[in-house]
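Comments concern the structure below.
No value in this document is a laboratory result; all are computed from the given coordinates. Since this is a predicted model, take the numbers as computed values, not measurements. No Cβ is skipped: glycine too gets one built from the backbone with ideal geometry, and neighbour counts run over all protein chains shown.
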Amino acid sequence: MRDALIIPIDDKDSLVITTDNSGGIGLKERDHVKVSYDTVGYFSFRVAVMDCLAAGARPIAVTIQNFCGEQEWDGLVSGVQKGIDELKMADMNITGSTESNFPLLQSAVGLNVIGMRTSTNRMIESPEVALIGLPLVGNEVMVFAHQVAPLSLFYQLSLREDVTVWPVGSKGIAYELQRLNLIKASRDIDFQKSGGPATSFLLLYRKEKESELAQLSGGYFHPLQ
């Protein structure tokens, strides 16, 4: 199971809540990574919505906990809206709250995605595994943006019945493979490296689908042995 809170509503439907947070990333003087707030909002949304989709849910709403300041709110919302536009989910709503009484010395953001699920997770048995995109963290996300797996590609693959998608988080590829009870290797990819804001994800599939999936994923496709 992904990092998701699953709340049954009835015999068929469940509420799915996923979350992400970031600290020290923004445009304040003491931030460690200097990026615009629309970038902060986009990648926080990206993490939470990928977990929501991987849990088999359709996202319906986003909440933002903003500790950056009132002026930064619009940038955060703009970043979230960019992600929503990539998913072509115009019916998603955004709300949230800003800490405006006390200014912080560093940027901090929390974000939740709320979704509805009407089916359970699909898991491929005895799968082949590929890494889509590469694990990146901090300034690497900007420098190597061309290696970040597109959110639209993740969504497209998440809709298929013949694959399983699994985002790589800050604990790295090895941790995610362990959660899946899989043993894989690669000469070129560091399995211990932080995946940052889910810049890559694991794709589980049957061998006969490899050529099709590799073509669909283009240069983002990295098969693991």
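Charge dipole of the chain (Cα centre as origin; +1 on each Lys and Arg Cβ, -1 on each Asp and Glu Cβ, all else neutral): 440 debye, rounded to the nearest 20. Of all lysines in the structure, those lying under 24 Å Cα to Cα from K193, and not within fewer than 8 positions of it along the same chain, are K34, K171, K184. Stokes-Einstein diffusion for the stretch 86-186 at 10 °C, viscosity 1.306 mPa s, with a Kirkwood radius from C-alpha pairs, works out to 93 µm²/s. Across the chain, the mean sequence separation of Cα contacts (distance under 8 Å, 6 or more residues apart), normalised by length, yields a relative contact order of 23 percent.
Would you please classify the overall shape of the stretch 5-117 from the alpha carbon gyration tensor, given that a ≥ b ≥ c denote the square roots of the eigenvalues, rounded means a/c under 1.5, and beyond that prolate means a/b larger than b/c while oblate covers the rest? Prolate. Can you list which of the GluC sites (Glu not before Pro) found in the stretch 42-115 are DSSP loop residues with at most 16 other C-beta atoms within 10 Å? Within the stretch 42-115, the qualifying GluC sites (Glu not before Pro) (loop, at most 16 other Cβ atoms within 10 Å) are E99. How far, in degrees from 0 to 90, does helix 73-87 lean away from the longest principal axis of the Cα atoms of the chain, to the nearest 10? Orientation of helix 73-87: about 20 degrees from the principal axis.
Once C-alpha pairs closer than 8 Å and six or more residues apart are averaged by separation and normalised to the residue number of the stretch 129-181, the relative contact order reads 25 percent.
Can you bin the stretch 161-200 into rounded, prolate or oblate? Criterion: square roots of the alpha carbon gyration tensor eigenvalues sorted a ≥ b ≥ c, rounded for a/c under 1.5, prolate for a/b above b/c, oblate for the rest. If you can, show how the numbers build up before the last one.
Values: a/c = 1.64, a/b = 1.21, b/c = 1.36.
The shape class here is oblate.
When only C-alpha pairs under 8 Å and at least 6 residues apart count, what is the relative contact order of the stretch 128-224, in percent? Intermediate values should be presented prior to the final figure.
Details: 158 pairs, mean separation 47.2, N = 97.
About 49 percent, as a whole number.
For the chain, the square roots a ≥ b ≥ c of the C-alpha gyration tensor eigenvalues yield an a/c of 1.5 or more together with a/b not exceeding b/c, which makes the shape oblate. If you take the Cα centroid of the stretch 140-163 and the Cα centroid of the stretch 32-84, the two points sit 16 Å apart.
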